[in-house]
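This report refers to the structure that appears directly beneath it.
The values are calculated or read from the model by the stated rules, or taken from the named source; none is laboratory data. The structure displayed is predicted, hence computed values, not measured ones. Cβ: placed from backbone, ideal geometry, glycine included. Neighbour counts: every protein chain shown.
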Ligand SMILES: *Cc1c(COP(=O)(O)O)cnc(C)c1O
């Protein structure tokens with residue numbers, strides 16, 4: 001067999017290959033130009049050979065592109081590569097992670113449906129459910145992430161979705177995804193996992209029984225803090241609904257961002273390994289330091305769900321390390337202000353390490369009681385470990401310790 005791309009074939013033969021090979025090669029459709037990397041199709045519309053061809057493509061009788069809000073070859077390559085890595089039948093790309101989450105609920109829920117959401121999800125995700133979906137008649141109940149019995153009790157006859165972020169931000173709490181999928185399926189509900197913190201390099205929720213995965217590609221998939229994007233992955237029957245909403249509502253991913261994410265996916269596994277190795281080393285070191293009261297990292301044996309984390313993830317325990325320092329909020333702020341290398345910003349999934357005080361930033365809108373219930377102490381600091389030399393990061397954190 002020849003690799004004859006002029007004949008119109010154009011995928012590599014990927015039968016049975018592993019994750020790292022899929023990350024580099026899945027989803028590429030070589031054009032007759034013979035380009036070795038992914039082509040960037042910057043076009044809003046597509047031409048047809050004849051009026052009849054146009055009619056057939058509009059009717060969907062003949063496959064092919066019509067308009068880039070619907071489909072774009074570069075965006076499709078990104079969707080196919082991500083689907084391959086998540087083990088999904090199909091993935092659908094979005095302009096941002098929030099657009100992806102919006103599309104899941106808008107396409108799969110109706111007024112009168114009930115949704116269960118884990119208590120510690122991303123702030124904008126809570127706002128979406130609280131301020132907007134409730135307004136359109138979707139009932140929402142929040143459940144502590146790890147509490148399987150609590151999820152079971154909260155499910156109602158009209159519960160359509162269970163939505164979780166595992167591991168949670170910033171405390172790295174987990175839920176047993178396989179057990180929660182069973183709870184959902186016993187009541188005909190779907191389990192949706194926001195897999196942004198782990199990426200498929202560390203955790204593949206669909207393979208553990210989840211139905212749908214959402215992503216903010218803005219984070220580790222880009223990996224270098226440049227482009228916004230999102231995605232949803234799962235079975236074709238559900239993705240068909242998600243695509244329908246996307247095409248109408250229009251939060252489509254830019255082909256340029258898709259092209260950047262295709263590059264990002266090629267190095268995702270390597271980068272995640274490096275993020276995790278540095279995070280693990282820093283978490284172990286921090287736990288030994290005077291002035292550090294507690295470290296929250298699922299790679300530490302002291303983490304209450306360390307065994308579950310070992311079962312559920314591979315290759316590392318994520319890039320986010322949170323810790324409580326001596327001296328409450330003042331101590332935490334002094335620590336943060338003493339750093340010189342690490343960026344003071346709430347973003348994560350970047351090659352540059354970031355540091356933040358959750359109590360007065362990402363979780364600042366909560367009341368003190370809500371923060372207390374969520375375990376977000378005033379003394380808590382979150383570090384999202386990047387790709388700098390770990391000794392340099394340690395030296396910078398030492399400045400923070402000295403300022404306590
Ligand atoms: C950033 C983030 C989102 C939202 O993604 P955007 O690309 O910013 O819209 C959703 N979930 C989690 C866990 C995130 O970290």
> Which is under 28 Å from the mean Cα position of the chain (by Cα) and surrounded by 19 or more Cβ atoms within 10 Å (Cβ to Cβ), of 359, 331, 400?
Replying inline: 359
> How many residues, within region 292-341, are without any contact (Cβ under 8 Å) to a residue 24 or more places away in the chain, within 17 Å of residue 208 (Cβ to Cβ) and touching a helix residue (DSSP H, G or I) at 6+ places or on another chain (Cβ under 8 Å)?
Replying inline: 0
> How many residues, within region 179-198, are within 13 Å of the ligand (Cβ to nearest atom) and outside any strand (DSSP E or B)?
Replying inline: 4
>> Given the criterion touching a strand residue (DSSP E or B) at 6+ places or on another chain (Cβ under 9 Å), within 15 Å of the ligand (Cβ to nearest atom) and under 30 Å from residue 17 (Cβ atoms), identify the matching residue among 117, 104.
In response: 104
>> I'm trying to understand the selection: among the residues of region 169-191, which are within 20 Å of residue 307 (Cβ to Cβ) and modelled with pLDDT under 95?
In response: 171, 172
> Looking at this structure, is residue 201 surrounded by 22 or more Cβ atoms within 10 Å (Cβ to Cβ), away from the ligand (no atom under 15 Å from the Cβ) and at pLDDT 95 or above?
Replying inline: yes
> How do the pairs read when you match residues in region 108-128 that are under 16 Å from residue 375 (Cβ atoms) with residues anywhere that are within 12 Å of the ligand (Cβ to nearest atom) and in a loop (DSSP other than H, G, I, E, B), using Cβ under 6 Å and keeping only pairs 6 or more apart or on different chains?
Replying inline: 120/168; 123/362
>> Just to check your reading of the model, which residue among 155, 221 is within 16 Å of the ligand (Cβ to nearest atom) and modelled with pLDDT of 95 or more?
In response: 221
> What helices (runs of 4 or more DSSP H) completely inside region 10-116 contain at least 3 residues that are within 30 Å of residue 210 (Cβ to Cβ) and in the same structural domain as residue 248 (by TED's automatic domain parsing)?
Replying inline: 19-25, 73-86, 97-108
>> Residues to consider are 99, 91; find the one that is more than 16 Å from residue 237 (Cα to Cα) and within 14 Å of the chain's Cα centre (by Cα).
In response: 99
> Consider residue 132 against the criteria (1) within 15 Å of the ligand (Cβ to nearest atom); (2) crowded, with 20+ Cβ neighbours inside 10 Å; (3) in a helix (DSSP H, G or I): it satisfies all of them except one. Which criterion is unmet?
Replying inline: (2)
> Using beta carbons and a limit of 7 Å, which pairs, at least six apart or on different chains, have the first residue in region 349-365 and away from the ligand (no atom under 13 Å from the Cβ) and the second one at pLDDT 95 or above and assigned to a helix (DSSP H, G or I)?
Replying inline: 353/393; 355/336; 357/332; 357/333; 357/336; 359/329
> Quick one: in region 135-152, which of the residues that are in a loop (DSSP other than H, G, I, E, B) and more than 23 Å from residue 376 (Cα to Cα) is farthest from the ligand (Cβ to nearest atom)?
Replying inline: 137
> Right, residue 355: touching a strand residue (DSSP E or B) at 6+ places or on another chain (Cβ under 8 Å) and part of a helix (DSSP H, G or I) or not?
Replying inline: no
> Picking from 14, 85, which residue would you name as being farther than 20 Å from residue 256 by Cα and modelled with pLDDT of 95 or more?
Replying inline: 85
> Since residue 371 meets every condition but one in (1) more than 16 Å from the ligand (Cβ to nearest atom); (2) modelled with pLDDT of 95 or more; (3) buried (at least 18 other Cβ atoms within 10 Å of the Cβ), which condition does it not meet?
Replying inline: (2)
> Filter region 265-291 for residues that are surrounded by fewer than 21 Cβ atoms within 10 Å (Cβ to Cβ) and in contact with a strand residue (DSSP E or B) (Cβ under 8 Å, 6 or more places away or on another chain); which is nearest to residue 227 (Cα to Cα)?
Replying inline: 287
>> Condition first: within 15 Å of the ligand (Cβ to nearest atom) and outside any loop (DSSP other than H, G, I, E, B). Now tell me which residues in region 238-260 satisfy that.
In response: 246, 249, 257, 258, 260
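Touching a residue at least 24 places away in the same chain (Cβ under 8 Å), away from the ligand (no atom under 16 Å from the Cβ) and within 18 Å of the chain's Cα centre (by Cα): is that true of residue 176 in this structure?
When the stated conditions are applied, residue 176 passes them.
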> For region 209-237, how many residues meet the condition of being assigned to a helix (DSSP H, G or I) and either crowded, with 22+ Cβ neighbours inside 10 Å or without any contact (Cβ under 8 Å) to a residue 12 or more places away in the chain (or both)?
Replying inline: 1
